[in-house]
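Take a look at the structure below.
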Amino acid sequence: MPDVTVRGVRFHVQTIGPPAPGAPVAVFLHGLLLDNLSSFYYTIAGPVADAGAHAVLYDLRGHGRSELTPDGYGADDAVADLFGILDALGHDRVHLVANSFGGVIALKAALARPDRIAGLVLIEAYGPAEHDGWAEGLLNTLTAGALGLEYDRLADQLLAAGWRKTGRQIAAADALVNRTTLLDDLARTGPVRPADLAAVRCPVLAVYGQHSDVAAAGRLLLRTVPGCTLHVMAGHAHAVLREGTAELLEVMLPWLADHAGTRVPAAAAGGAR
């Protein structure tokens, strides 16, 4: 479908499944830097659409094919972007499926406009924390990556070696971390604290890897969000979306059937409820 321009920024949007009258809408929110909507497109978005949902995927600002802006990369701006895109597409009440940093956006959206968020699927979500410094590990990783991209000129080396696709991805990541306010905006983004989590009124499915560095966020969600179901994927770390797709769908599809009214394949009927 055509790109959508909201708040003066052009966003790349993809949809799967016809927007049938009464069909639930599932909106997918990806993570930072090297991530984009394709991480959902090639994993769980298709099966969710096959189950009867209208799947909406878009690249966050500065990611994928969306416009790179010099600033506006904090969670509050991302929430405003999200609702602007929903307004432009004519979607009122939706379920959000969020991975990694997308979880911060999803939680803050549910708190900002509870009338518009029917449910949350949080996959390895950053954000829930009892204190500041929740993003320290993420910031350290991004900062180290920024220095490497700036001084090693990896993108130029890859392009010169003929690795055009990877070279373009690295060049885009270089521009994002070294030529925008992304790192500063992330450092200023506060956590979603227990008192706020207790105010989340929609049902939440939280999925975390057993060995994830943010597994504590999942346990905090279970303790504080009234309607939270937590599923821990044994043997996995942070990359559960890519490496544990089959198990993730076995958990998600029954949960969406219960809470969004989608269909569920018989093989997935034993998942989380």
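The values are calculated or read from the model by the stated rules, or taken from the named source; none is laboratory data. Keep in mind that what you see is a predicted model, and the values were worked out from it rather than measured. FYI the Cβ positions are ideal-geometry reconstructions off the backbone, even for glycines, and counts take in every protein chain you see. Ligands, DNA and RNA are stripped out before the accessible areas are found, and what is left, the full protein with its side chains, is counted by its heavy atoms. Shrake-Rupley method; radii C 1.70, N 1.55, O 1.52, S 1.80 Å.
Please state the shape class of the stretch 1-60: rounded when a/c is under 1.5, otherwise prolate if a/b exceeds b/c and oblate if not, all from the C-alpha gyration tensor.
Oblate is the answer for the stretch 1-60, as a/c is 1.5 or above yet b/c matches or exceeds a/b.
Residues of the stretch 200-260: accessible area per residue at 1.4 Å, in Å²?
Values: 2560 Å² over 61 residues.
Counting only protein heavy atoms, the per-residue value for the stretch 200-260 is 42 Å².
For the modelled label position 7 Å from the Cα of ASP132 along Cα-to-Cβ, which residues of the stretch 59-99 have backbone nitrogen atoms closer than 15 Å?
none
When you count, for each residue, the other Cβ atoms within 10 Å and take the mean per peptide, how do 215-228, 54-67 rank with the highest first?
54-67, 215-228
To the nearest 20 debye, what is the magnitude of the charge dipole of the stretch 73-115 about its Cα centre, counting +1 on the Cβ of each Lys and Arg and -1 on the Cβ of each Asp and Glu?
Its charge dipole is roughly 160 debye.
State the dimensionless ratio Rg/Rh of the stretch 1-115 (Rg: radius of gyration of Cα atoms; Rh: Kirkwood radius).
0.92
For the chain, count all C-alpha to C-alpha pairs, find those more than 28 Å apart, and express that count as a whole percent of the total. Before the final figure, lay out each step's value.
Values: 11974 of 37128 pairs.
Of all Cα-Cα pairs in the chain, 32 percent lie more than 28 Å apart.
Given Cβ point charges of +1 (Lys, Arg) and -1 (Asp, Glu) and nothing else, what value in debye, to the nearest 20, does the dipole of the chain about its Cα centre take?
480 debye
Given ALA206, LEU186, GLY74, which one lies farthest toward the positive end of the charge dipole of the chain, if we put +1 on the Cβ of every Lys and Arg and -1 on the Cβ of every Asp and Glu?
It is ALA206.
Please report the carbon-and-sulfur percent of the accessible area for the chain; probe 1.4 Å, protein heavy atoms only, DNA, RNA and ligands left out.
52 percent
Rounded to the nearest 500 deg cm²/dmol, what is the calculated helix-only ellipticity per residue at 222 nm for the chain, with -39500 (n - 2.57) per DSSP H run of length n ≥ 4?
Calculated mean residue ellipticity at 222 nm is -12500 deg cm²/dmol.
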